[in-house]
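Only one structure is covered here, and it is reproduced in the block below.
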Amino acid sequence: MAAAEPADTIAAIATAAGAGGIGVVRVSGPASALIADAVLGDCPAARHAAYLGFKDADGSLIDRGIAIYYPGPNSYTGEDVLELQAHGGPALMQILLARCLSLGARQAEPGEFTRRAYLNDKLDLAQAEAVADVINAATAEAARSAVRSLSGEFSQRVQVLLNSLIRLRLYVEACLDFPEEDIDFITQGGVRAKLEEVSVALQRLHASARQGNLLREGIRVVLVGQPNVGKSSLMNRLAGEEVAIVTPIAGTTRDTISSLIQIEGVPLHVIDTAGLRDTADEVEQMGIERTWRALETANAAILLVDAQHGITGVEAAILARLPADLPRVWLHNKIDLSAEQPRSELRDQETHLFVSAKHGDGIELLRQHLLQLAGWQPSGEGVFMARARHLQALSVVDTHLQYALDQLQYPELLAEELRLAQDALSSITGEFTPDDLLGEIFSRFCIGK
Ligand SMILES: Nc1nc2c(c(=O)[nH]1)N(C=O)[C@@H](CNc1ccc(C(=O)N[C@@H](CCC(=O)O)C(=O)O)cc1)CN2
Ligand SMILES: Nc1nc2c(ncn2[C@@H]2O[C@H](COP(=O)(O)OP(=O)(O)OP(=O)(O)O)[C@@H](O)[C@H]2O)c(=O)[nH]1
Ligand SMILES: [Mg+2]
């Protein structure tokens, strides 16, 4: 697989910025043992936690802490690694890092430890990406799914599919050498059935990956409606706290306000907006422009209506300006004032929910409907995390498999489509991944990872 990196030694603070109980400086590369000797007076036994003094160049004590030395290849990066676990004060961490840098290490770039782990075959690319996803997971469910990907669940499923694809490809390529007899076999039997089988397996993997991607990205839901219909009240109800100002004055919200909530572990960015109306107030107008802009990047809209009035010409006008393919739900709010029951109704293929943001009636119905709008399908089984890059690759695989199915009578073209499908699939785990893509993936990590 990938070529070895130039063997220099990198160092970074591996723990989060700010004060913490413990802070870790991590070193990786050939100078790790020498740095251990210099800082600790000796290199600790392999993979043993040793409680030692960390010494500065002049022999003064930087801190007393735990040091662990992992000789390569049995380390996170596959190289010699030294961990200095000190008291987690930012000033102290800087002194400790500076000491390692003065001993010949250089400051690591974002993601460089994990990049080395990937280059040394400790992790494949999907696993390396999962490291960042574990760290950045927005919900507990997202964190669990990222750990599944880090453990290799996603990679294994990709590998199983890859193996079937390779077997099929070898078979078709073998047939190319005996054209006359075997073309009939390709068109009539075996190959079509096998190709269809691979295609079904791909659809299944793609569906799981979409669920995983949903856990990673969440969806953006915009609350929209006339002033005073209760958008900010709904925002606060969903968030479980007073995120936005609520008053009986129409035109209270002037800006878009975003709050990250979760429903059954699916992250939802809920965006409260300025109520839509004709107004001479310049500030309010600017807020209304922001409402329309928020809708351009939304994954779904909640159209709020005052249940006392129902849908009026104003709502019809709002609806006409919404992006046509934007999933939406009508929300009739303030049912406590119109003496209605919380419920869900289907009218002309659009869902209408009846709730009270102020009192909470019907909100559970809304939460379940939002999950449905997001495309979440509770499966009971563990979801692994996937990125947009993976979904894109799976779509490319799908396209080539469909082309392959259309080319059964032309074995050369068929073989070529299978080759392209295999390339796209193996880009997920990173067997043939261009350097610039690797640069893009790892540069989004934090320093020290
Ligand atoms: N102190 C510490 N905690 C940490 C990390 C770390 O680097 N240091 N990790 C950093 O992300 C995560 C754990 N990941 C790790 C993965 C592999 C190895 C390692 O030493 N692997 C060797 C030995 C395996 C074995 O003994 O079974 C190897 O792969 O050969 C260490 C940490 C989370 N916790
Ligand atoms: N009775 C009742 N009052 C509600 C309900 N939801 C909101 N209200 C009241 O309606 C008024 C307006 O609520 P907001 O949440 O500020 O409305 P908004 O849509 O954000 O208004 P703007 O920010 O002006 O666009 C407040 O007095 C709320 O207390 C509800 O379900 N029942
Ligand atoms: Mg408001």
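The values are calculated or read from the model by the stated rules, or taken from the named source; none is laboratory data. This structure is a prediction, so every number in the text was calculated from the model and none was measured. Cβ sites come from the backbone with ideal geometry, for glycine too, and all protein chains shown count toward neighbours. All accessible areas refer to the heavy atoms of the entire protein, side chains included, with ligands and DNA or RNA removed. Shrake-Rupley method; radii C 1.70, N 1.55, O 1.52, S 1.80 Å.
Assuming charge only on the beta carbon of Lys and Arg (+1) and of Asp and Glu (-1), the dipole of the chain about its Cα centre is about 1300 debye to the nearest 20.
Kirkwood radius and radius of gyration were both taken over the C-alpha atoms of the range 396-449, and their ratio Rg/Rh is 1.23.
Value of Rg to Rh for the range 357-414, rounded to two decimals, is 1.31; Kirkwood radius and Rg both from alpha-carbon coordinates.
Peptides 287-296, 308-317 ordered by packing proxy, namely the average of other Cβ atoms within 10 Å per residue, highest first: 287-296, 308-317.
Based on Cα contacts under 8 Å between residues 6+ apart, the range 10-122 shows a relative contact order of 32 percent.
Karplus-based coupling profile of the range 409-420, in residue order and whole Hz: 7, 10, x, 5, 5, 4, 4, 5, 4, 5, 5, 5, with θ = phi - 60° in 6.51 cos²θ - 1.76 cosθ + 1.60 and x standing for Gly or Pro. Taking square-rooted eigenvalues a ≥ b ≥ c of the alpha carbon gyration tensor, is the chain rounded, prolate or oblate, where a/c under 1.5 means rounded and, failing that, a/b exceeding b/c means prolate? The shape class here is oblate. Bridgeable aspartates and glutamates around K449 (alpha carbons under 18 Å apart, same-chain partners fewer than 8 residues away excluded): E5, D8, E79, D80, E83, E109, E112, D121, D124, E129, D133, E440. Look at the Cα gyration tensor of the range 90-136: its axes a ≥ b ≥ c give a/c of at least 1.5 with a/b at or below b/c, and that counts as oblate.
Here the Karplus relation 6.51 cos²θ - 1.76 cosθ + 1.60, evaluated at θ = phi - 60°, turns the backbone of the range 373-388 into coupling constants of 4, 5, x, 7, 10, x, 10, x, 8, x, 8, 9, 7, 9, 9, 4 Hz, with x for every Gly and Pro. Between the listed residues F432, N299, S395, the Cα displaced farthest toward the positive end of the dipole of the chain, a dipole computed from Cβ unit charges relative to the Cα centre, is found at N299.
The stretch between D255 and A17 holds 82.6 nm of extra length on full extension. This uses 0.36 nm per residue minus the Cα-Cα distance. Counted over the range 10-122 with a bin width of 5 Å, the fraction of Cα pairs per bin, in whole percents, is 2, 14, 25, 26, 21, 10, 2, 0. Candidate cross-link partners of K358 among the aspartates and glutamates, defined by an alpha-carbon separation under 20 Å and a same-chain spacing of 8 or more, comprise E241, E242, D272, D306, D336, E340.
Restricting the range 378-449 to chymotrypsin sites (Phe, Trp or Tyr not before Pro) that sit in a DSSP loop and have at most 14 other Cβ atoms within 10 Å of their own Cβ leaves F432. With the helix formula -39500 (n - 2.57) applied to DSSP H stretches of n ≥ 4, the chain reaches a computed 222 nm mean residue ellipticity of -15000 deg cm²/dmol.
Between A98 and E196, the modelled label-to-label distance comes to 7.1 nm, taking each label 7 Å out from Cα in the direction of the beta carbon.
Placing one equal scatterer on every Cα of the range 279-389 and applying the Debye formula, the log10 ratio I(q)/I(0) at q = 0.18 Å⁻¹ is -1.05. Amide H contacts of G89 (H built 1.01 Å from N, in plane; Pro and chain starts excluded): G20 sit under 5 Å, all sequence-distant by 5 or more or on other chains. Averaged per residue, the chain has 47 square angstrom of accessible surface, using a 1.4 angstrom probe with ligands and nucleic acids left out. Here the chain carries DSSP beta bridges of which approximately 60% are antiparallel, counting only pairs with both residues inside.
Computed in the context of the full set of protein chains, the accessible area of the chain at 1.4 Å probe radius has 52% of its extent on carbon or sulfur.
In angstrom, the C-alpha Rg and Dmax of the range 125-174 are 15.0, 49. Amide H contacts under 5 Å for I62: F54, K55, D56, restricted to partners 5 or more places along the chain or on a different chain, H placed in the peptide plane at 1.01 Å from N.
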